[in-house]
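Have a look at the structure below, then the notes.
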Amino acid sequence: MSASDEGIAAAAGYAPHPYVGGRTAAFRALAAWRMRWPGAPRVIVLTGNPGSGRSRLVTGFLMMCDPGYRKQLPLDDLDPATVPPDLPAPAVPNPSGRTAAQLLWVIADHFGLTADRAEDIFPELAAREEPVTIVVPDVDRAGPVRAAYEPARLVRDVLKPLAVTETVQLLADVPRELAAELAEALPSGQAQIIDLDAPEWADPKGLVRHAETALDPGAGAPALPFTTDPAVRRPLAEALAGRADGSRLTVQLAVQSLLLQPEGFDPADESLLPATVGEALDLHARRLGGDPQTLRLLLAPLAFAEGDGLPAQLWGALANAVAGRDMSQDLADGMLLAAPFIQPVEPDAEEDTDGEPSGGEAGAGHDDGRMLLRLQHPGIAEEIRSGLPDVRDAQTKIAMALLEAVPQQNWAKADPYIRDHLAAHTLEAGLLPQLLTDPGLFAHTDPVTLRAAIEAVPLEQLGAPARTYLRTAPLLTRSQAPADVRAAFLESAFVEDGLAPYAEALHTLGFDLPWRTLWSVPLAGVRAVTTGSLPQEGREGTVAETGPGTDGAGSGGEGPAPASGTAAALRPVAAFVVPQGTPGSRTLPGPDGDTSEDGGALLLHDLLRPGYVDADPTQVRLPSEEARAAAPFGFSRGADYLRVWARAGQEVVAALLSDTPLTGADLSPDGVLVVATERGVTARQILAAAPAATPTVPAQRTGAADSAASDGLEGDHS
C-alpha cells in the first residue's frame, strides 16, 4: 500500500473520508491492522512532523471504529479497503497531560484488571484469552510538565511493554524521534511505522482538498473574491498545498490569516503563501503592517504555557518579562495580529472525567472560571521557542515574573496557575532546586505537576526538603487530598526525616492540620505499640541519653509538659514490641513473670517528646478500659490507613495514609496517636477540639470492617 492508492481510489469513484479528506493508503493499512488481516502487523507506530495531520488521521479512523459513530458516516461511499470491520470500539486512553503511570492505570481500569502493582498489569494482559485493541493518540502531549518530556517515559514504560505483549494489538501516535525505538522492540514483521511525511504515505491531493474545503463558503468561510469563485479557489488551494510541503498546520494557519484579513491579498502572488509555520507567522505580521518579532514576543508566553493554557490576566506581565520592555500597547494593538494563532479555552470545556484527577485543588485546571489562552497547535509553540535566542533565559524571566506575582509570597493567595505551574517553568530555567525550600509551596502545589517536575531533576541536585517531598509524593497523588491534608502528610514526613523546622513552619501557614507530629524514630521490626505511663517517683529508669533513633533524625520539637497535680506523678510513654536483641529493649515478661524469647522484647519511648526511656516494662501502667471509653477519640485502621474519629458524633477528625503497611497503632486517652510501620514509629498529637457532648462508647459499626489491628500489650483499644 502506498500513496498511489489515492489515485486508484479516486478512479474507482470512492469518496474521500468526510473528516480527513484523503489518506487512503494510511486508512487501508489501519483497516487491515484492525481486522487482523493475514500479514498485517500487530503494532502500528504512526508518526510525522508536527502539523502533519497525525491526530486528525487517528480521529478519522476512530470514527469508523466506533459502532455508534459509524452510523453517521457514508461508509458505503468509501473505499471498502479503508473501512474497518464493525467490532467493539478499541480502548483509547488519552495521554494528554498524564504521566506514564497514570496512563497505565487508566488502561488497567478500562479492562477491569485486578493488578495492585504496575509491573503486574502487563502479565495480566498477556494472560487474557481474547486479544485487546488499544489506540494511544497524541503521545507528544503526554505529561503534566512539558520540559520533563514524559513522552519518552511513556514509550519506555508503557508502550514498549504493551507492544511486546502478544495479546495486545497496538496503534500509537508518537513523535518521530521515538518511533524507531518503539518499533525496534518487536521482531521483524510485528510492527510497522507509518510516517505521514514519507513519500509512500504522503497525500498531496488530500492536502489540496483540505485547503479548498477551508476556503469554501459552503464550509463556513466568508464570501470573498478568492473563496466564492471556484476558478480562483481551486488554484489557490493547489498553490497553498504545494507551498506547504505536506504540512496541514501551515495550510490551516495560512487560510486563517487570509480569511481574517483579506485586504491586500493577491491569490496569484505565491510569495504571500507560507512554506512553513514560521513563514505563516511572519507573513501574517507583515500583511497586517506589524513586526514579525513583536508577534513572536506576544505569543512567547503562550508558547511556554503549561497545563490547559495561560490565564489571560497573566499574559501581559509575562510578555513584558520575555521582551524585557513594556508590551502593554503592543498587546492592546495586537489582538488582530495574534488572533489566528490563539485558541481560547472555556472553563471546564475540556474537563476529563475518565481518569484520575490531577490531585490539585478543585478547579486547578480552570481556576475561578477564568478564560485560558493557548496556541492553536503545539507546532506553533515549537516554532516560537526555537526562534528565541535563549530559551532558558526566557523561562527564567517568566519564572521570576510569576514568583513576583505571588502576594507576600503567600501561596494560599497565589494565582492557581502560578501555584501549580511555577515549578515547570523553573525546571526548564534550571532553577527548580532553588525553589524547593518552601513548605507552603510543597503543600499548595498540585502534587502531580510538582512531582513530575522534581523527578526530572537529578537526585544529587535536590536538597533534603525536596527529597522528603519526593518520598511523600506518591501518597499525595494517590490520596488526591486537598492542601490541608497534603500539609499534614508533609508535616509528619519532615519530622521523620529530621527536618523539624519545616514541619513547624507548616503550623504557621494557616493550614487546618489534624495533628502535630511529636517525634519519629526509624526502627525496623516493630510489630505492635501501646501507650501507657510510668511512675515518676521511685521509678527505676531515666530518659536514655542514647538509643535507637536518638541521632536527632526523629526530633519533632518539645511536646507538652505533664500536667500538675496527681498526673505529674505519671510519665506518659509508648511501648514497642520489637525483636529480641534490639538495643535498649528488655525481654517481654511472660504471664508467670518469667522471660521468653518467643514473645519478643519491649522498648520504651517518651510519649510526648523525643527520647527513649530506660525502665522496667513491668512498671508500665496501661490506661483502664474506663479511661479509654471516656476518651474523646477512637480510631480504626486498615492495612495502610487509619482514621481517628470523635466518639461524640463519630465524625472523622484525622485520616492517615501510609506508603508502607501499618504494623501497630494505639491512641492514648489524651489523644496522642502512635503508629508503627515497616519504616519506624511516629507519634502525633491530635489537634481537633474535644467534642462538647458527653463522650460515649460508639455503637458497633455495620458494614465491612477494617482489617484487624495488631495487638499491643492489651490488644487493640480503638
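Structure above, values below:
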item: GLY289, sole failed condition from (1) small (Gly, Ala, Ser); (2) under 20 Å from ARG385 (Cβ atoms); (3) without any contact (Cβ under 8 Å) to a residue 12 or more places away in the chain; result: (2)
item: Selection within segment 410-437 - under 23 Å from THR508 (Cα atoms), in contact with a Gly (Cβ under 8 Å, 6 or more places away or on another chain) and either open to solvent by 10 Å² or more (accessible area, probe 1.4 Å) or outside any loop (DSSP other than H, G, I, E, B) (or both); result: ASN410, TRP411, ALA412, PRO416, ASP420, THR437
item: Filtered residue count, segment 218-241, keeping only those that are small (Gly, Ala, Ser) and without any contact (Cβ under 8 Å) to a residue 24 or more places away in the chain; result: 5
item: Residue, nearest to GLY680 (Cα to Cα), within segment 650-660, restricted to residues that are assigned to a loop (DSSP other than H, G, I, E, B) and open to solvent by less than 60 Å² (accessible area, probe 1.4 Å); result: THR660
item: Residue check for GLU504: of a type in the set (D, E, K, R) and within 13 Å of ARG684 (Cβ to Cβ); result: no
item: Hits in segment 35-65 (condition: in a helix (DSSP H, G or I) and open to solvent by less than 10 Å² (accessible area, probe 1.4 Å)); result: LEU57, VAL58, GLY60, PHE61, MET64, CYS65
item: Top-ranked residue in segment 292-350 [being over 24 Å from ALA147 (Cβ atoms) and among the charged types (D, E, K, R); ranked as nearest to the chain's Cα centre (by Cα)]; result: ASP348
item: Only listed residue being under 30 Å from SER247 (Cα atoms) and at pLDDT 95 or above, chosen from ARG392, ARG451, ARG419, ARG467; result: ARG392
item: Hits in segment 479-509 (condition: in a loop (DSSP other than H, G, I, E, B) and over 26 Å from the mean Cα position of the chain (by Cα)); result: GLY498, LEU499, HIS507, THR508
item: Candidate set: segment 612-649, residues that are aromatic (Phe, Trp, Tyr) and in contact with a Gly (Cβ under 7 Å, 6 or more places away or on another chain); chosen: the one nearest to GLN685 (Cα to Cα); result: PHE633
item: So ALA108, is it crowded, with 18+ Cβ neighbours inside 10 Å and free of Cβ contacts under 8 Å to residues at least 24 places away in the same chain; result: yes
item: Pairs, first touching a residue at least 40 places away in the same chain (Cβ under 8 Å) in segment 37-61, second acidic (Asp, Glu) and crowded, with 23+ Cβ neighbours inside 10 Å, C-beta under 6 Å, six or more apart; result: LEU46/ASP173; ARG54/ASP173; VAL58/ASP173
item: Verdict on ALA689 being open to solvent by 10 Å² or more (accessible area, probe 1.4 Å), within 22 Å of SER492 (Cα to Cα) and modelled with pLDDT under 95; result: yes
item: Residue in segment 523-536 that is at pLDDT 50 or above, in contact with a Lys or Arg (Cβ under 6 Å, 6 or more places away or on another chain) and surrounded by fewer than 16 Cβ atoms within 10 Å (Cβ to Cβ) present; result: yes
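The values are calculated or read from the model by the stated rules, or taken from the named source; none is laboratory data. Computed from a predicted model, the values in this text were never measured in an experiment. Note: ideal-geometry Cβ built from the backbone for every residue, glycine included; neighbour counts use all protein chains shown. Only protein heavy atoms, including side chains, enter the accessible area calculation; ligands, DNA and RNA are left aside. Shrake-Rupley method; radii C 1.70, N 1.55, O 1.52, S 1.80 Å.
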